[in-house]
1. Computing the accessible area with a 1.4 Å probe over protein heavy atoms, can you report the carbon and sulfur percentage for the range 1-139?
2. For Gly38, enumerate residues with amide H under 5 Å from its amide H, sequence gap 5+ or separate chain, H modeled in the peptide plane.
3. With each pseudo-label sitting 7 Å past Cα toward Cβ, what's the Ser85-Asp283 distance in nm, one decimal?
4. Which of the listed residues, Leu274, Ala336, Phe248, is farthest toward the dipole's positive end in the chain, when Lys, Arg count +1 and Asp, Glu count -1 at the beta-carbon?
5. Which Cα, out of Gly94, Ile59, Leu81, lies furthest along the positive dipole direction of the range 36-116 (beta carbon charges, K/R +1, D/E -1)?
6. Cross-link list Lys228/Lys342; Lys205/Lys284; Lys228/Lys257; Lys228/Lys360; Lys79/Lys205; Lys73/Lys205: which exceed 30 angstrom alpha carbon to alpha carbon?
7. Need one value: the accessible area of Ile373 in square angstrom, 1.4 angstrom probe, rounded to the nearest 10.
8. Karplus couplings for the range 142-157 from phi (6.51 cos²θ - 1.76 cosθ + 1.60, θ = phi - 60°), rounded to Hz, Gly and Pro as x?
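The values are calculated or read from the model by the stated rules, or taken from the named source; none is laboratory data. Small disclaimer: the values here were computed from a predicted structure and weren't measured. Don't worry about glycine lacking a Cβ; one is built from the backbone with ideal geometry, like all the others, and counts go over all protein chains shown. Ligands, DNA and RNA are excluded from the accessible area calculation, which covers all protein heavy atoms including side chains. Shrake-Rupley method; radii C 1.70, N 1.55, O 1.52, S 1.80 Å.
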Amino acid sequence: MNFTVERDLLIDVLTGIQGVAERRHTMPVLSHALMTIGGGNLTVVSSDLEIVVRCLQPIAAGEPGSIALPARKLLDIAKVLPKESTVSVAGKEGNYVEISSGRSHFRLAGLPSQEFPEMPEKPSGKTVSIDGDTFRKLSERVVPFASSDETRYNLAGILLERSETESGAMLRMVATDGHRLAMADGEVGNIGELLAARKILVPKKGILEIRKLAESGPGSIELSASEKFLFAAKGDTEVWVRLLDADFPDYRQVIPKENLLTATVARDAFAEVLRRVAVMAPDKVHSVKLSFSGKQLEVSSTSPDQGEARDLLESEYEGPAMKIGFNGRYLQDAVAGVSEEKMVLQLKDEVSQVILRPEKERNYLAIVMPMRIY
């Protein structure tokens, strides 16, 4: 196997698969990228057994063949080669390749291509075209709320389902870690072709890989699903994500029905106050206190060892004075999902969860459980 490719194009392809290549794994081949020459293209594949990314790059010349090369080391080599140069890669005996550009030469050890995991098949169902920016916004709103605890298997993913709203069928994403929840809807066209009568639970890492695909430039991504995989494609890049085989909690039962007290605040002002007060919040629990009274909201934090912080912002609130504690980082994540100038906090009492949502938009809400503040 040998081929020639522009250095910048090689960097782009290798960068696109780095998030999946496992640097430390019991299977050494999973830290490698499968490089294949055939049909006038360089195909690069990375896999961690749960997610597969395949990138296709046309090349001017090359001899057919394949080899698995260390993904991180190969990218490191490409980055230090002269800019705007041409890179030549030639296969040698013993699963080695020689990489040359100008007067620079490298010899890199690889593994036989036969050791690389087999590629999953593409789902046979119809594909749905989704605007990349819409997918990005939905995922940004909910991904921070998914659990990072690997033992809570059913909370470590993002639920994708069809949502019937006044505007018609939408794609809904939901995530929760048991202490907070986020739900976001987005218009994506004929979502029924993808999620007509089913829900799918997608690992958080998989959603992030598809989001990278959506952010790679203007245009749409194509989605389709089988019983085991969610498949996404855009341009010359394809992503397979193995679905989680678990039951997501009935999130509708978690949405409070009796939060009748409302406080309306400026979104940017609230975000800034939370950011400032968080400087003095305790490192482990990140606790902040919201004190509602009349036309102002006080946000404060206290660290027993270091001191305290307080800040005020205007609030449209009519109700009894109330003090309630939260994890400040959870509130910051919830506020980040609001895209309007004003947002609403819906409250019940000092021991019940709060709903945070835009003042007018009905396509996003977040729920955060309170915490006891001493």
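1. The computed percentage sits at 48.
2. Thr43
3. Between Ser85 and Asp283, the label points sit 4.4 nm apart.
4. Leu274
5. Leu81
6. Violating the 30 Å limit, Cα to Cα: Lys228/Lys342; Lys228/Lys257; Lys228/Lys360.
7. Result for Ile373: roughly 60 Å² accessible.
8. 10, 4, x, 8, 6, 5, 9, 7, 5, 6, 9, 4, 6, 9, 8, x
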